[in-house]
Amino acid sequence: MDNNKIYMDRGSATPIDPRVLEFAHPFLKTAGNPSALHRQGLEARSAIEEARAKVADLINAEKPASIIFTSGATESNNIAIRGTAMRNIGRGKHVMGSAIEHMSVLNPLKDLTKSGFTMDLVPVDKAGMVDLAKLEELISQETVVLSIMHANNEIGTIQPIKEISKIVHEKGMYLHVDATASAGKVPIDVQDMNIDLLTLSSNDLGGPQGAGALYIKTGTRIQTVMPGGGQERGLRSGSENIFAIAGMGEAARLAKEELPVESERLKRIRDDLIRQILKNEKTFLTGHPEKRLPHHASFRFSFIEGESILLMMDFQGVQISTGSACSSKTLEASHVLLATGLTHEQAHGSMVLTLGHENKPEDVKIVAEATKKTIDRLRMLSPITQEGEEYPEEEHHH
Amino acid sequence: MTDIGYTEKVMDHFMNPRNVGVIEDPDGYGKVGNPTCGDVMEIFINIADNKITEIKFRTFGCGSAIATSSMITEMAIGKTLEEAMEITRNDVAESLDGLPPKKMHCSNLAADALQEAVKDYWKKQGKVVEDDGESPEMSCGGGGCDSCVK
């Protein structure tokens, strides 16, 4: 990474930890197939099993065999949702998520409606917390699975998984938790939290891209969604990506070891960052003020647009992310911000900062100054000076 | 022209926008876009001898919205009103060495804003301005901003 640049966009892509790269690098050279019985094959097999134990340890899984490796969080989410829905079709044909899930949860849920399932999304409040009363109300005898993210990548809000788990299990259905954004940032104990299925991403832990994992509690009824050679208990066929899996294991080990100290360190920098940035006028924190990921700060600024914010921050050497429609693939405003009750206009002006190892306390001053400059310049350019005044609600065509 | 990313010219106009601001009591004023869609731009013009002698803009929007606004102020200055009316969205994009495809419709409203400003002037002069049926984009550019790339 460029030394003059400050990278605060780990939520989008996390640079691979140099220690992870060093650990996993030899597996790029060995081409052993873990299913083969010769020495090369056995070495590959043992690398995968070692990684499985490390990942299991990160989330306190009951045994390493409860973990299967996938190509990433998207695949894990698909297997968890489709696999449990299709396997338990005898129970009913109703699936659930929350309104702020990642697309790799929302789209599989939506896709199931083509196979005769019905779907409900639980609303969230202004801080992005799932409405537990509404959750309970929406569950029926037919409901098979609820998929909920542990923490949200755009607004950082952490859901009360233990309470949700209690509600869900009283109704006898499955709980799938997408922990892509939270793993390695806050402690996860799948046994204590009573989680049936849990998604992990290698890259978000500082591991290589191209690997993910799915925890499946013993006894969970799930079926394969991609038949093939039968690797990973038949749930994820295809020859294993040994480099990425070995790297993910090492990243999980380091995350577990360093989490208590590192998350406190990042939280202090993050809190300072929030304090400084909120000094700007018409600037608001998005997500929950306390129940949020320790490395995560997210804001919205009135009268300006997110892609411009991103470009102007980048020009000043600070790399951030935005939920703005203009910078997205689809040009749609962030469904997460809209679900928290923001208007399209408000959702356009968002900025997300996600911190990591390379960030230092002295970064705060630089980022806060760059933010102030960005806001001032873009507001000087903007014809909008009062929110919603010139364009009353009824003129919004959405 | 790449699918992603902006040309150097776009970035130059974004970082150093020309003719930013407001003209008090302008001869012509045009405003297009909608904050819901993420783009609003307004253009102010002063006219002498049927030519644009002064032009200012303000824009809320993404990088290309700001760059196209800045670009069109440079293209329009000194032009006759008839010439200004001939400037198209494509002309603006070409002058910037191109825009990413998905930005061509949503964030390229500067030509529309200039035409609105000219029409405003003509109307004030008592000239009958034919309405081409294309009202300024108050409703997210034909089918809504969310439909631009679909």
Taking each pair of different alpha-carbon atoms in region A:137-245 once, compute 1/r for the pair, average those values, and report the inverse of that mean as the Kirkwood hydrodynamic radius in Å to one decimal.
-> 15.3
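Using a simple charge model, +1 on the beta-carbon of Lys and Arg, -1 on the beta-carbon of Asp and Glu, nothing else, what dipole does region B:8-123 show about its Cα centre, in debye to the nearest 20? Intermediate results must be reported in sequence, preceding the final value.
On the way: 12 positive and 19 negative charges, 71 e Å.
With Lys and Arg at +1 and Asp and Glu at -1, about 340 debye.
For every other residue with a beta carbon closer than 12 angstrom to the beta carbon of A:Thr322, add +1 if it is Lys or Arg and -1 if Asp or Glu, then tell me the sum.
Values: positive: A:Arg300; negative: A:Asp9, A:Glu154, A:Glu305, A:Glu307, A:Asp314.
My count for the surroundings of A:Thr322 gives -4.
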Given A:Ile195, A:Pro208, A:His150, which one lies farthest toward the positive end of the charge dipole of region A:150-232, if we put +1 on the Cβ of every Lys and Arg and -1 on the Cβ of every Asp and Glu?
-> A:Ile195
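If you take every DSSP beta bridge whose two residues both sit in chain A, what share of them, in percent to the nearest 5, is antiparallel?
On the way: 21 of 42 bridges.
Among the beta bridges of chain A, antiparallel pairing accounts for roughly 50 percent.
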For region A:274-287, just list the computed ³J(HN,Hα) in residue order, Karplus coefficients 6.51, -1.76 and 1.60, θ = phi - 60°, integers in Hz, with x standing in for Gly and Pro.
-> 4, 4, 5, 6, 6, 5, 6, 5, 6, 10, 10, 7, 9, x
Just need log10 I(q)/I(0) for the protein assembly as shown at q = 0.06 Å⁻¹, Debye formula, equal scatterers on the alpha-carbon atoms, no solvent, rounded to two decimals.
-> -0.35
Options A:Ser239, A:Pro123, A:Ser165, ranked by Cα towards positive dipole end of region A:18-255, top entry (Cβ charges) | A:Ser239
Backbone HN-Hα couplings from phi across region B:111-119 [Karplus 6.51/-1.76/1.60, Hz, Gly and Pro as x] = 4, 5, 5, 5, 4, 4, 5, 5, 4
Just how much of A:Tyr7 is accessible, in Å², when a 1.4 Å probe is used and the result is rounded to the nearest 10?
-> 30
Amide proton proximity set for A:Thr118, modelled H, under 5 Å, gap of 5+ = A:His94, A:Val95
Among the Cα-Cα pairs of region A:18-255, the proportion with separation greater than 33 Å, in percent, is 16
Roughly how many debye, to the nearest 20, is the charge dipole of chain A about its Cα centre, given +1 on each Lys and Arg Cβ, -1 on each Asp and Glu Cβ, and no other charges?
-> 1060
Take chain A, connect every pair of alpha-carbon atoms lying under 10 Å apart with a spring to form a Gaussian network, then pick out the residue of A:His176, A:His38, A:His102 with the largest mean-square fluctuation.
-> A:His38
Sort all Cα-Cα distances of region A:1-144 into consecutive 10 angstrom bins from zero, then give the percent of pairs in each bin up to the one containing the longest distance.
-> 9, 24, 28, 23, 13, 2
Which lysines have a Cα less than 16 Å from the Cα of A:Lys171, not counting those fewer than 8 places away in the same chain?
-> A:Lys93, A:Lys134, A:Lys162
Please name whichever of B:Leu81, B:Val40, B:Ser70 sits farthest to the positive end of the charge dipole of region B:8-123, dipole taken about the Cα centre and charges placed at Cβ: Lys and Arg +1, Asp and Glu -1.
-> B:Val40
With no solvent term and unit scatterers on the alpha-carbon positions of region A:67-115, Debye gives log₁₀ I(q)/I(0) at q = 0.24, 0.25, 0.31 Å⁻¹ of -0.92, -0.98, -1.24
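What percent does the relative contact order of region A:173-287 come to when contacts are Cα pairs within less than 8 Å and at least six residues apart? List each step's numbers first, then the result.
Details: 130 pairs, mean separation 24.8, N = 115.
Relative contact order comes out at 22 percent.
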May I ask you to rank A:Arg82, A:Arg19 by accessible area, largest first, using a 1.4 Å probe over the protein chains only?
-> A:Arg19, A:Arg82
Can you run phi through the Karplus equation (6.51, -1.76, 1.60; θ = phi - 60°) for region B:64-77 and list ³J(HN,Hα) in whole Hz, with x for Gly and Pro?
-> 6, 5, 6, 5, 5, 5, 4, 4, 5, 5, 6, 6, 8, 4
Largest first and in whole Å, give the semi-axes of region A:184-231's equivalent ellipsoid, each being the square root of 5 times a Cα gyration tensor eigenvalue.
-> 22, 19, 6
Hey, got the dipole for region A:18-255? About the Cα centre, +1 on K and R Cβ, -1 on D and E Cβ, debye to the nearest 20?
-> 580
Computed over region B:8-123, Cα set: Rg, Dmax in Å | 12.8, 38
Violating pairs (Cα-Cα greater than 18 angstrom) within the set B:Lys56/B:Lys119; A:Lys279/A:Lys365; B:Lys51/B:Lys123; A:Lys372/B:Lys56; B:Lys79/B:Lys102; A:Lys110/A:Lys185 | A:Lys372/B:Lys56; B:Lys79/B:Lys102; A:Lys110/A:Lys185
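The values are calculated or read from the model by the stated rules, or taken from the named source; none is laboratory data. What you see is a predicted model, and the numbers here were worked out from it, not measured in a lab. Note: ideal-geometry Cβ built from the backbone for every residue, glycine included; neighbour counts use all protein chains shown. The area values use the complete protein model at the heavy-atom level, side chains included, leaving out ligands, DNA and RNA. Shrake-Rupley method; radii C 1.70, N 1.55, O 1.52, S 1.80 Å.
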